[in-house]
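Down below is the structure, laid out as structure tokens.
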Amino acid sequence: MSIATATAAGSKARISLGRQVGYGAGQIAGQIFRDVPSLLLLFYLTTVVGIDVGTAGAAIFVPKMVFGVGSDMLVGVLSDRWRNRLARRWWLLVGALLSPLAMILLFHIPQGSELFRVTYVAVSFSLYMAVFASFSVPYLAIAGELAGSAPERTKLMAWRLVFTSIGVLLAGALAPMLAERFGGGAEGYQTMSLVLAAICPLSLLIAFFGIGKTEPVADTGLTQDNLLAAAAGLTFRQALSVLTRRRFAILFSANFLQLVGSGMGYASLLYFIAYNMGRTDALSVVGGVVMAACAGIIMAQPVWVAAAGKIGKIRSYVIASVIYSASYFIWMFCAELGVWVAYVLAFTAAIGNSGWAMLSFAMLTDVSSDDEEHAGLYCAAWVAADKIAFALGGTLLVGGVLAAFGFDAQKAMNGLPQTDQALLGVAIAFGLCPVLLNLTGAALLGFKGEETRD
């Protein structure tokens, strides 16, 4: 490490409280963009618009795979290539400008044939994914530039999780409440999108100004022109070589498995409440569930920060995963015990979820901080994996499981009950698959992962 590099790292070792809070505020927009489609879009398309559950799942999954991943990787490479001339925080302004349009278009589906509506969903969701990438990838990469030590990055990610809870509250409680308050049909969801379209740019603007000017790129022995040329000349094989390095690859794989499971649990939550729990007020109940989860997220952050410092991030990650998995497994068998049980289990599940989520991001920022030249590439792959995993788990797999067990979208649209077999499919998608996937990811990291070297 050169003297200039060491000096730069030292200057970033401590982050002011204002910058920590400012950075964290940007996650509100990211969480809304992530969670609203994951929680509501498939349910909206099947129970309000009346699109077949399998077709609706595919219409969401394909744009996430093509435009989501493509946009993530493009923005990641460009933010690396231009980082000497264009600070990553300026990308947040792009998101602030375009996020309202993307949110509004997604929930304003015009009348027409099913083919027309499915095509519209695919196109509007493709735009949504491109806009999401424009701010989510640089936002994540900024963390490694702000903090120069592992403990500081852990604290920064804890603040991010605090604001994650606010984003979850808005996406998971306020959004369904607004949809129901304004009629529960297409008009309700459209009004909801207008409110969220005002919140997202505000969040990104707070982050832009709160982060302030970031440190210049450390001296790596390359001139600016050579550094830019190196980033521009990164071939697919070279990028793959970077992303398959053991430390990142194992963390990435474990997180991906857990995100697929979380996506399944999140997307099937409304189905589980509405059909397995038999609640006609599912949109209201899910608000209470999300509020309980947010309480768990906020209360757990100091505990997980302390645990990471005492027993290490990987052990803490495994413990958090077990808590999360146990909560969902028990929940699957408690559909008839009342809403209070759902609130308790949502609280405990959130304690575990917030633990492994925060710690995985903290370990990611450790990796990207050690290799700042490829920070955007790491973060692009990470955000892309998040979108693919939630698309795979939250739409394609949930849609496939529900369709395989006979869930009927036309019955759902007309308020009719589902068969016992369909209810079993909902329970499996909600409580069994997420558990198996999360425990597999935790085991992979627990046995094969490498603790941060900082």
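General remarks:
- Charge sum, other residues only, whose C-beta stays under 9 Å from A133's C-beta, Lys/Arg counted +1 and Asp/Glu -1: 0
- Solvent-accessible surface of protein heavy atoms, probed at 1.4 angstrom with all chains present, puts E373, E145 in the order E373, E145, largest first.
- Cα shape, the stretch 68-201, gyration tensor, a/c 1.5 rule: oblate
- Model label points for A404 and A443, set 7 angstrom from Cα along the Cα-to-Cβ axis, are 1.9 nm apart.
- The stretch 39-119: relative contact order in percent, alpha carbon pairs under 8 Å with at least 6 residues between: 30 percent
- Of all accessible heavy-atom area on the chain, the percent that carbon and sulfur account for (1.4 Å): 68 percent
- Within the assembled protein chains, the solvent-accessible surface assigned to V77 is about 40 Å², based on a 1.4 Å probe.
- Size of charge dipole - the stretch 287-442 - debye, nearest 20, with Cβ of Lys, Arg +1 and Asp, Glu -1, no other charges: 360 debye
- As a calculated quantity, the FRET efficiency between L17 and T191 at R0 = 41 Å, using C-beta atoms, amounts to about 0.65.
- Between helix 339-370 and the chain: long-axis angle, C-alpha atoms, 0 to 90°, nearest 10: 20 degrees
- Extension gain for W340-R181 works out to 55.0 nm (0.36 nm per residue, less the C-alpha to C-alpha distance).
- Relative to the longest principal axis of the Cα atoms of the chain, the long axis of helix 69-81 lies at roughly 20 degrees.
- The angle between the Cα long axis of helix 53-63 and the longest principal axis of the Cα atoms of the chain comes to about 20 degrees, rounded to the nearest 10.
- Spatially close Lys pairs in the chain, defined by Cα atoms under 26 Å apart and a spacing of eight or more places or different chains, total 14.
- Taking every alpha-carbon pair under 8 Å whose residues sit at least 6 apart, the stretch 320-454 reaches a relative contact order of 34 percent.
- Surface accessible to a 1.4 Å probe, T46 within the full protein complex, Å²: 0 Å²
- Cβ-based charge dipole, the stretch 59-190, positive-most Cα from G185, V121, A141: A141
- Here K64 sits with roughly 10 square angstrom of accessible surface, probe radius 1.4 Å.
- Relative contact order [Cα under 8 Å, 6+ residues apart], the chain, whole percent: 29 percent
- The residues of the chain expose, per residue, 38 Å² of accessible area to a 1.4 Å probe.
- Taken about its Cα centre, the chain carries a charge dipole of about 720 debye when Lys and Arg each add +1 at the Cβ and Asp and Glu each add -1 at the Cβ.
The values are calculated or read from the model by the stated rules, or taken from the named source; none is laboratory data. Here the structure is a predicted model, which is why all the values come from computation and not from measurement. With ideal geometry, Cβ positions are generated from the backbone for all residues, glycine too; neighbour counts draw on all protein chains shown. Accessible surface areas use protein heavy atoms only, side chains included; no ligands, DNA or RNA. Shrake-Rupley method; radii C 1.70, N 1.55, O 1.52, S 1.80 Å.
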